[in-house]
Amino acid sequence: MTSLPPSTPYSPTELARLYPSSLALQQVHIFLRHGERTPVKPRLAHLNHPSLWPYCRYARTIRAAISLPSPTSAPGSEPLTTDFQWQRKFHMLSTLDDSFQPYPTVAGAPREDLCAPGTLTDAGRASTHALGTHLRQLYVTSLGFLSPRLNHAGDLALRSTNVPRALESLQHTVTGLYPPSQRAPDLPPFSIAQAAPGAETLVPNNASCARLRQLFAAFSARAAQRWDASASAEKVHMQLERHLVGSADTRDSARIGIASRPSALGVLDTINASRAEGTGAATRLPREFYHPDVLTGLEAAGIEEWFSLYSESAEARRLASGPLLGDVVEALVRSAEGEPAAADIGGADLHNNSQHVLGPQITLNGCHDTTLGALLSSLGAFDGRWPPFTSHIAIELFRAADQPAPKPWTQSSGWLAAAGLGGSVERIGRSPTSQLVGAQKKVLDGYFVRLRYNDRSVVVPGCKAPNKHLPGDESFCTLAAFKEIVDNITPRHWKAECESNLDQPPIPSKPEPAGY
């Protein structure tokens, strides 16, 4: 599957089953893959396949914020800004230049509509906006969990990778969730957190983690050994053989493999990007590329190469997904404690307001297929399918409905009073469950965590044991059990662990199951 079908509102019966009256929703974290895009790089040029696709009509009207000279030089004064509206056109060399070649695009395509490689298309903008509308229907209209109108910037936390398609997808989703008409007139600009490359955890950060890079290379090499000579690879070759010969580039391979040029996942990327534009799109490949044997085989190759390490290696889980899941669990625990979330995700310094409410109710993260696949695999909840465009994971925190909601934490009252407890004890933070004292463990009582992937509840294996889930529904993991599972893959010193074990075998002698 390359694109998801439009979501439909839940019926009252479905809603009552998914959100039982015995539980109260308290916090939500959404991780969304960007929407439909063009291939990240041109491929299969010898088939006259366009390298520039005409699916970016939005490029006809682009707005940039321009800073104007400030009327005052007072420190801290806000700069004046104005909009600069422009239209992008791809530049071409003069036809009189000896090296002139027309852009390899669809015949007759307007230059104003051309997309650069890896760019969010018009379809991607529409699908991510539709996701925001779906989230509004669920969390605002159906559940009444979120306010219909966004009045406080701190009620919504936003984060994205630095990749433009992820950031733009997040912006479109937010606009679907809270259209301009449903925002307070004095609402400040949205604050979107983005990490420096060396500190990015919204995707597995191979580039900044030497050991993770080593693990990935080893599992990728193993994937090549397994898949390239498999029956699945042979079926792909039988379908595509005649289309892979004839390239003038000597680097191109006549047979697709994990590390071929183009690679198995690279070809699948181009196939899926073209499928997202419909069966009648001018960027379609020859029909053999859409044969079930090809789609199934290439997807299996990509999953073996990119996600098998998280299912089999505890070390890979710690280095790739552990930092991000550790952030999530820390936020869930803060919510149970009654403490505001970390200041850098709320748009303002939440701790400057001693009477602030319980931080953001919902956090939206603009990320990638590799984010979702790594998270699900690391929790033992991966379904074995490549995440489609605009896929999303929802991590929801519930408390027992008969349990009072935590009061807003203040500097004067402290978090124990907010949680309804007396005495003096340190906040939990990222302390492992094994190190918590009785009063800290009591804070987690009555709280449950659920994962939903593309609107389907998934079960974390370690939550199936007795007393680790809501009676009668294993998808509602106790917060204590979920925290303990995540503790097992949360690094205490990520940078140090990234530089450790470089002389050790990268693949464990036997698989280390995920989700426990």
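Since every read-out is calculated from the coordinates, none of them should be taken as a lab result. None of the values given here were measured: they were computed from a predicted structure. Virtual Cβ from ideal backbone geometry, glycine too; neighbours counted across all protein chains shown.
Site pair Asp249 and Val40 shows an inter-label distance of 1.5 nm when each label is modelled 7 Å from Cα along Cα→Cβ. Judged by a Cβ-Cβ distance under 4.7 Å, the unpaired cysteines of the chain are Cys367.
Between Ala217 and Leu80, 0.36 nm times their residue separation minus their Cα-Cα distance comes to what?
Values: separation 137, 0.36 × 137 = 49.32 nm, distance 4.90 nm.
My answer for the length gained is 44.4 nm.
The label-point distance for Ser21 and Ala496, in a model that sets each label 7 Å from Cα toward Cβ, rounds to 5.2 nm.
May I ask you to derive the relative contact order of segment 208-306, considering only C-alpha pairs under 8 Å and at least 6 residues apart, and to give it as an integer percent?
35 percent
With a Förster radius of 41 Å applied to the C-beta separation of His152 and Thr279, the computed FRET efficiency comes to 0.35. Compared with the dominant principal axis of the Cα atoms in the chain, helix 164-177 is inclined by about 50°.
Relative to the longest principal axis of the Cα atoms of the chain, the long axis of helix 210-227 makes an angle of roughly 50 degrees. Helical runs assigned H by DSSP (4 residues or longer) give the chain a calculated mean residue ellipticity at 222 nm of -9000 deg cm²/dmol, each run adding -39500 (n - 2.57) before division by the residue total. The mean of 1/r over all distinct Cα pairs in segment 208-306, once inverted, gives the Kirkwood hydrodynamic radius of 14.2 Å.
Taking a straight Cα-Cα cut-off under 23 Å and skipping sequence neighbours fewer than 8 places away in the same chain, the lysines within cross-link reach of Lys483 are Lys407, Lys441, Lys442, Lys464, Lys468, Lys495. Ranking Gly246, Ser230, Ser260 by how far each Cα lies toward the positive end of the dipole of segment 208-306 (charges on Cβ) leaves Ser260 at the top.
Positive end of the dipole of the chain (Cβ unit charges, origin at the Cα centre): among Trp386, His46, Val140, the Cα lying farthest that way belongs to Val140. Bridge orientation summary for the chain: considering DSSP beta bridges with both residues in this region, about 65 percent are antiparallel.
Arranged from highest to lowest average of other beta-carbon atoms within 10 Å per residue, in what order do the peptides 493-506, 306-319 appear? Provide the component values of the computation, followed by the final result.
On the way: 493-506: 13.1, 306-319: 24.1.
Answer by packing, highest mean first, reads 306-319, 493-506.
Annotation for Lys407 and Ser70: the two label points, set 7 Å from Cα along the Cα-Cβ direction, are 4.1 nm apart.
Tell me, what is the FRET efficiency for Ala184 and Ser208 to the nearest 0.05, using R0 = 35 angstrom and their Cβ-Cβ distance as r? Don't skip to the answer; put the middle values down first.
Values: r = 39 Å, r/R0 = 1.10.
Here the calculated transfer efficiency is 0.35.
Note: relative contact order over the chain, using C-alpha pairs below 8 Å and six or more positions apart, is 21 percent.
Can you tell me how much longer the chain between Thr141 and Thr2 gets when fully stretched, taken as 0.36 nm per residue apart minus their C-alpha distance, in nm with one decimal? Working shown, then result.
Working: separation 139, 0.36 × 139 = 50.04 nm, distance 2.87 nm.
Fully extending the segment from Thr141 to Thr2 adds 47.2 nm.
Under 5 Å between amide hydrogens, built in the peptide plane, is the criterion, and for Leu23 it picks out Ala401 among residues at least 5 positions away or on other chains.
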